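The values are calculated or read from the model by the stated rules, or taken from the named source; none is laboratory data. What you see is a predicted model; the values in this text were computed from it and never measured. All Cβ positions, even for glycine, are placed from backbone atoms using ideal geometry, and neighbour counts span all protein chains on display. The protein model used for the area step is the full one, side chains on, heavy atoms only, and it has no ligands, DNA or RNA in it. Shrake-Rupley method; radii C 1.70, N 1.55, O 1.52, S 1.80 Å.
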Amino acid sequence: QVQLVESGGGLVQPGGSLRLSCAASGDIFKIFLMGWYRQAPGKQRELVAHVTRDGVTNYADSAEGRFTISRDNDKDTVYLQMNSLKPEDTAVYYCNARVILLTSFFQLEVWGQGTLVTVSS
């Protein structure tokens, strides 16, 4: 089994910043893709950003220029630095990882439990 534990959510004023972290643990051989998704009330879950093991990044248009995703392969951890936050960024943010398991070499997609980000004055 693989677990993803997120942290860093909370309440922030418009224009403020937050940094989310997500640490993976468990039966991990390699994580080839890590990313962040979000789901606002009444909306579908959407990609925010993801990063490959080699550091290649991809951002949603809404995140481009304001958010930065990064990862530490030695710690199996991914980060999302969010700047210039807007009320429309309010959502539950979910960590996602595409993992190759150590014991079986099967590929597995894993989700975190989610962390709430609220942007409000």
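Descriptive notes on the structure:
- Whichever residue in region 13-48 is among the β-branched types (Val, Ile, Thr) and open to solvent by less than 20 Å² (accessible area, probe 1.4 Å) and, among such residues, is farthest from Leu101 (Cα to Cα): Val48
- Which listed residue, of Thr118, Thr103, Thr68, Thr77, is among the polar types (S, T, N, Q), farther than 14 Å from Glu6 by Cα and within 12 Å of the chain's Cα centre (by Cα): Thr68
- Close pairs (7 angstrom Cβ cut-off, 6 or more residues apart or separate chains): closer than 12 Å to Tyr94 by Cβ in region 34-53, open to solvent by 50 Å² or more (accessible area, probe 1.4 Å) and of a type in the set (Asp, Glu) anywhere: Tyr37/Glu46; Arg38/Glu46
- Test: Val51 is touching a Leu at 6+ places or on another chain (Cβ under 8 Å), surrounded by 20 or more Cβ atoms within 10 Å (Cβ to Cβ) and more than 26 Å from Leu11 (Cα to Cα): no
- Flag for Met82 being in contact with a His (Cβ under 8 Å, 6 or more places away or on another chain) and crowded, with 20+ Cβ neighbours inside 10 Å: no
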